[in-house]
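Read through the structure below, which is laid out as structure tokens, and then see the notes.
The values are calculated or read from the model by the stated rules, or taken from the named source; none is laboratory data. Since this is a predicted model, take the numbers as computed values, not measurements. As a convention, Cβ positions derive from the backbone with ideal geometry for all residues, glycine included, and neighbour counts pool all protein chains shown. Ligands, DNA and RNA are stripped out before the accessible areas are found, and what is left, the full protein with its side chains, is counted by its heavy atoms. Shrake-Rupley method; radii C 1.70, N 1.55, O 1.52, S 1.80 Å.
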Amino acid sequence: MPAHHEALLIIDFGSQVTQLIARRVRECGVYCEIHPFTKAAHAIDSLRPKAVILSGSPHSVIDQGPKIDATLFEMNLPVFGICYGEQLMCDLLGGKVEAGHDREFGRANINIVKPSPIFKGLNDSETVWMSHGDRVTAIPEGFEVIAVSEGAPYAAIADEARKFYAVQFHPEVVHTARGTDIIRNFLFEIAGFTGDWSMASFRDEQVAKIRAQVGSGKVICGLSGGVDSSVAAVLIHEAIGEQLTCVFVDTGLLRKEEGAQVVSLFRDHYNIPLIHVEAQELFLGALAGIDDPETKRKTIGKLFIDVFDAEAAKIDGAQFLAQGTLYPDVVESVSPSGGPSAVIKSHHNVGGLPDYMKLKLVEPLRELFKDEVRALGRELGLSEQFVGRHPFPGPGLAIRIPGAVTPEKVKTLQEADAIYLDEIRKAGLYDQIWQAFAVLLPVKTVGVMGDARTYEDVLALRAVTSSDGMTADFFEFPWPVLGRCATRIVNEVRGVNRVVYDVTSKPPGTIEWE
């Protein structure tokens, strides 16, 4: 926890959108942490929160779902229960929860039936997002109903005297129109937070923390070319200067000319000591003939560590390794629901380092979400063109080439991807899109180009909009822009004769697009 800041604790019961609660709280300038219900007591002791939020859950209170000790409600802390959190609050405090009633999934309207500080500034009727099978059928003593919906007579309840509030819907998701306002009201109108957490204060605190941790030691930082590791490196360099050496392992799987851009940024602009390892042939050779995507990931991850370790051994006196680990990686690594992160995040080293690497970890970004890393990059003076770049996966283009990876396929994808992003920028659409990229499909089609028949590859284009990366929808391109992208790719990239646009959406619970 950053020093001297008010804090809010989010107790996680396994909801697929718990991280969104934290995002909304952070947006309000309040520091918060997510801890699994199994460690709730320890988190309260260590964090000493000013208030608590109970998350949703895929489980049922009725079917022995996850619970916490009811002593939480004796600590004189404001508590806000969300969905499962409402049901658990009622269950622990003497109310009643039942199954077998009408379920509510998706958009619904609530009607506010009693004025309450948690609904300050809202209309009498608001659109919310419901996702529950069980429902509350009796509320504990001291509570009263403050909002109802067609399927939930206890859509929102409150014990104003004890500052206990609960809602059956999910205010954290964008589908709840005024959800952030509800969370903000809980923070400031009810819990009394002042909003004292900012990226400027985080920067100053992390610089002091890095200096205290490292002392006079040397730090090596593995650069991937992405925003996370680059921001971490610039922050650490601000703290300890020449004690930092960056190692950039160029796998040959980055976007077109990205390797040269990384070298120029760190050597020329920031004058940070940098070792540039050109390992393109090594990585492409190791991937030859591998079709399985997970095997690709593991091959790239192991080889990266091996190459990095060999270079680190040449740096005399190196004691610390810097990583761009982010808060979602940390949360998912201890998720109480045992979610898919172990597979999906297999290219991260959240659990630590291989035993043979005797370095201590420096992870200055592990308390931040992705957009907060971007804000920190701006605070550190990184250019908007750099910090605003779309997310890029750790394994690089290898996972955007289904099937075997070859140097020819990588070059084809790099060229097509560069054209795609160039046309998006020319149209002024880049900042409206959360992530856009090309995928070289393992499919060939017959086409006619000029007077000749061709049998060449199909390229898919993907672009999604998102506010947080947790849920996303396809970007509705103006057809002329897509047309220009397709025409240029087919004309300028040898080996591609057809371009398709992917209109798949990303539902809650899938962790990342790649």
* **FRET efficiency estimate (nearest 0.05) - Cβ-Cβ, THR38 to GLN385, R0 35 angstrom** => 0.20
* To do: Sum -39500 (n - 2.57) across every DSSP H segment of at least 4 residues in the chain, then divide by the residue count to get the 222 nm mean residue ellipticity, nearest 500.
  => -9000 deg cm²/dmol
* To do: Can you tell me the 0 to 90 degree angle between the C-alpha axis of helix 407-426 and the longest principal axis of the chain, rounded to 10?
  => 60 degrees
* Structure fact -> Checked against the positive end of the charge dipole of the chain (+1 on Cβ of Lys and Arg, -1 on Cβ of Asp and Glu, about the Cα centre), the farthest of MET75, ILE139, SER229 is SER229
* Structure fact -> The simple spin-label model distance between LEU282 and THR454, using points 7 Å out along Cα→Cβ, in nm, is 3.6 nm
* To do: Show me 281-288, 242-249 ranked by packing, highest mean number of other Cβ atoms within 10 Å first.
  => 242-249, 281-288
* Asked: Where the centre of each part is set by its Cα atoms, how far does the range 227-251 sit from the range 72-148, in angstrom?
  -> 47 Å
* With every protein chain left in place, what is the accessible area of LYS298 in Å² (1.4 Å probe, nearest 10)? -> 130 Å²
* Structure fact -> Candidates for Cα Rg over 2.2 N^0.38 Å are (1) 1.20; (2) 1.11; (3) 1.06, and the calculated one carries label (3)
* Relative to the longest principal axis of the C-alpha atoms of the chain, give the angle of the C-alpha long axis of helix 479-492, reported between 0 and 90° and rounded to the nearest 10°. => 30 degrees
* To the nearest 0.05, what FRET efficiency results for ALA313 and THR127 with a Förster distance of 60 Å applied to their C-beta separation? -> 0.55
* To do: Evaluate the distance, in nm, between pseudo-label points positioned 7 Å from the Cα of THR194 and of ALA138 along their respective Cα→Cβ axes.
  => 4.5 nm
* To do: Any chance you could run the full-extension gain for ARG48 through ARG162? It's 0.36 nm times the residue separation minus the Cα-Cα distance, nm to one decimal.
  => 39.2 nm
* Structure fact -> Subtracting the Cα-Cα distance of LYS426 and THR295 from 0.36 nm times their residue separation yields 43.5 nm
* Give me the net charge of ARG203's neighbourhood, meaning all other residues with Cβ under 9 Å from the Cβ of ARG203; Lys, Arg count +1, Asp, Glu -1. => -4
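Need the full-extension length gain, GLN261 to ARG211, defined as separation in residues times 0.36 nm minus the C-alpha distance. One decimal, nm.
Full extension of this stretch gives 15.1 nm more.
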* Protein chains only, probe 1.4 Å: how do ARG48, ARG178 rank by accessible area, largest first? -> ARG48, ARG178
* Simple spin-label estimate for ASN111 and THR504 in nanometres, 7 Å along Cα-Cβ -> 4.2 nm
* Taking Rh as the Kirkwood radius, which is the inverse of the mean 1/r over Cα pairs, what is the Rg/Rh value for the range 69-167? -> 0.95
* To do: Would you please put 40-47, 140-147 in order of how densely packed they are, using the mean number of other Cβ atoms within 10 angstrom per residue and starting with the highest?
  => 140-147, 40-47
* To do: Return, ordered by residue number, the residues of the range 234-274 whose backbone nitrogen is under 19 Å from a label point located 7 Å along Cα→Cβ of SER333.
  => 236
* Structure fact -> Row for the range 1-131, column shape: gyration tensor on C-alpha, a ≥ b ≥ c, rounded if a/c < 1.5 i.e. under 1.5, prolate if a/b over b/c, else oblate; value oblate
* Structure fact -> Taking Cα atoms only, helix 293-312 is inclined relative to the longest principal axis of the chain by an angle, in degrees rounded to 10, of 70 degrees
* First measure r as the distance between the Cβ atoms of ASP204 and ASP371, then evaluate 1/(1 + (r/R0)^6) with R0 = 22 Å and state the FRET efficiency to the nearest 0.05. => 0.65
